[in-house]
Amino acid sequence: MKFEELFFLQLDYQYAKHERQHRSEGRVFGVIGDKFNRFYNEKLTFELTGAQKRVVKEIRADMKSGHQMNRLLQGDVGSGKTLVALLSMLIAVDNGCQTCLMAPTEILATQHYANISKMLDGLGIGVELLTGSLKSTEKRKIKQRILSGDTQILIGTHALLEKDVQFKNLGFVVIDEQHRFGVEQRSKLWSKSIIPPHVLVMTATPIPRTLAMTLYGDLDCSIIDELPPGRRPVMTLHSTDSDRLKVFSFMRREINKGRQVYIVYPLIEESETLDLNDLMDGYESVAREFPLPDYQISIVHGKMSAEDKEYEMNRFKRGETQIMVSTTVIEVGVDVANATVMVIENSERFGLSQLHQLRGRVGRGGEQSYCILMTGNKLSNTGRERIKTMVETTDGFRIAEADLRLRGPGDLQGLQQSGILQLKLADIVNDETIVRAARETVQDILTDDPDLEKIENGCLRLYIQKNKRGFAWGRIS
């Protein structure tokens, strides 16, 4: 009975994948041209890792296949996902198409824009940044350049999804930190082109829904499983509130070595309904332990203006402050090689993907780095499982598998990001062997009879026709 339930689930996803790969039109990027070759030969000052080269080949094969690419690029923070994405974007540019990269925060989008503009300097490629905080006159000018095709690489935030952002010839879309965007949001980029653009989604930790699609559905996957030479894994430790003085002492020792520290809080201000540590109270206690003038502290949170956030971030980047007290606004986009300690307050209340992202803010230089997960003295079973997972592994896929067990995969054909699939008997995590058997059976049937035209497959064809949904959300990674 479990097999039957999983068989029809697999039939939904595998048939949708078959339709995309064999029927959905995709742009053919057959040329490796001047822009790609000049960047690769003149601008790259280091050798790509073997994993990066392998992934570029996988993406390249998709881009010239004639079918739309729908690929997940998974790799830990610092593994070089953005460089792989840039090389792929240059292939699209060489084939006469525009590309865009969507990031979840202005901090990350601005960082991408600065890094990519610098790397492409002198190659004659139009790179633009579009964010919500730009003045309306500047936005209007940028949108005109996008529509005319003068902008070849567009980098931005949710602002890219606005209806009046229209491309001349969009052919390739990159979505960074894709777990921060809703399924419906991500789908809006598809409507920017008559022929659906190739889609590459990047993440250091696949959300349960995307992981489930990778293992069981309509998403191809590439993994960068090598870190560049010299990178050390971050050491993760668990401490409770009763150990706080020891944690402060450890922070002081690292700062005295010339290092810097992040402290992340789940709330900005005290809440009447949530018993959680808050940033304003935490800032005061940190300031007492690390007084002026010996120590300087930055503070960053979501209610600050973009200018104030940037000012505080830059002080920390320049080494003018030793400690950054913040909310999860620094989850992505902050790159300070000298920061070696990440302290996360009430860490049991964060999701695993968010904890993994926060941990990725340290360990970006050559020094040993540490992530300290602070919790109360009492933990729920789920909280204890989260902390245990983080302490035991830095592998993004293992973390995502634990997240899948804890949260469920979501509705693969719908809009939910997590939660339990509407299965009456089967469990796609614990019944992995049956899932695999159902998947292989469906693949064998579709290989033999791709359109389900044989008499013995008539009931399957009828099932597909009856269960087709209006929009194939399962195709949105």
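Quick notes on this one:
- For the pair the stretch 143-174 and the stretch 43-97, the centres of their Cα atoms are 20 angstrom apart.
- Percent breakdown of C-alpha pair distances by 5 Å bin, ordered from the shortest bin, for the stretch 19-224: 1, 7, 16, 21, 23, 17, 10, 4, 1, 0
- Using Cβ point charges alone (K and R +1, D and E -1), the dipole size of the stretch 235-393 about the Cα centre works out to roughly 680 debye.
- Net length gained if the chain between R244 and R140 were fully extended (0.36 nm per residue, minus Cα distance): 32.3 nm
- Cα Rg, Dmax (largest Cα-Cα span) when computed across the chain, Å: 23.6, 82
- Over the stretch 235-393, Cα pairs under 8 Å with separation of 6+ residues give a relative contact order of 31 percent.
- Computed from point charges on the beta carbon alone (+1 for Lys and Arg, -1 for Asp and Glu), the dipole magnitude for the chain about its Cα centre is near 940 Debye.
- C-alpha center-to-center spacing [the stretch 317-382, the stretch 224-255] in angstrom: 9 Å
- Projecting the Cα atoms of V336, F397, T382 onto the charge dipole of the stretch 312-409 (Cβ charges, centred on the Cα centre) puts T382 farthest toward the positive pole.
- Each of T105, G33, I142 was scored by the projection of its Cα onto the charge dipole of the stretch 19-224, and the greatest displacement toward the positive side belongs to I142; charges sit on the C-beta of Lys, Arg, Asp and Glu.
- In the stretch 1-74, GluC sites (Glu not before Pro) in a DSSP loop with at most 11 other beta-carbon atoms within 10 Å: E47
- Percentage relative contact order, the stretch 19-224, counting C-alpha pairs under 8 Å, at least six apart: 31 percent
- Between the beta carbons of D427 and I195, assuming R0 = 41 Å, the FRET efficiency works out to 0.60 to the nearest 0.05.
- Charge dipole of the stretch 19-224 (Cα centre as origin; +1 on each Lys and Arg Cβ, -1 on each Asp and Glu Cβ, all else neutral): 320 debye, rounded to the nearest 20.
- Cα gyration tensor shape for the stretch 235-393, rounded if a/c is under 1.5, else prolate or oblate: rounded
No lab work stands behind these numbers, since they all come straight from the coordinates. Nothing here was measured: the structure is a model prediction, and the numbers come from that model. Cβ coordinates were reconstructed from backbone atoms using ideal geometry, including for glycine residues, and neighbour counts include every protein chain displayed.
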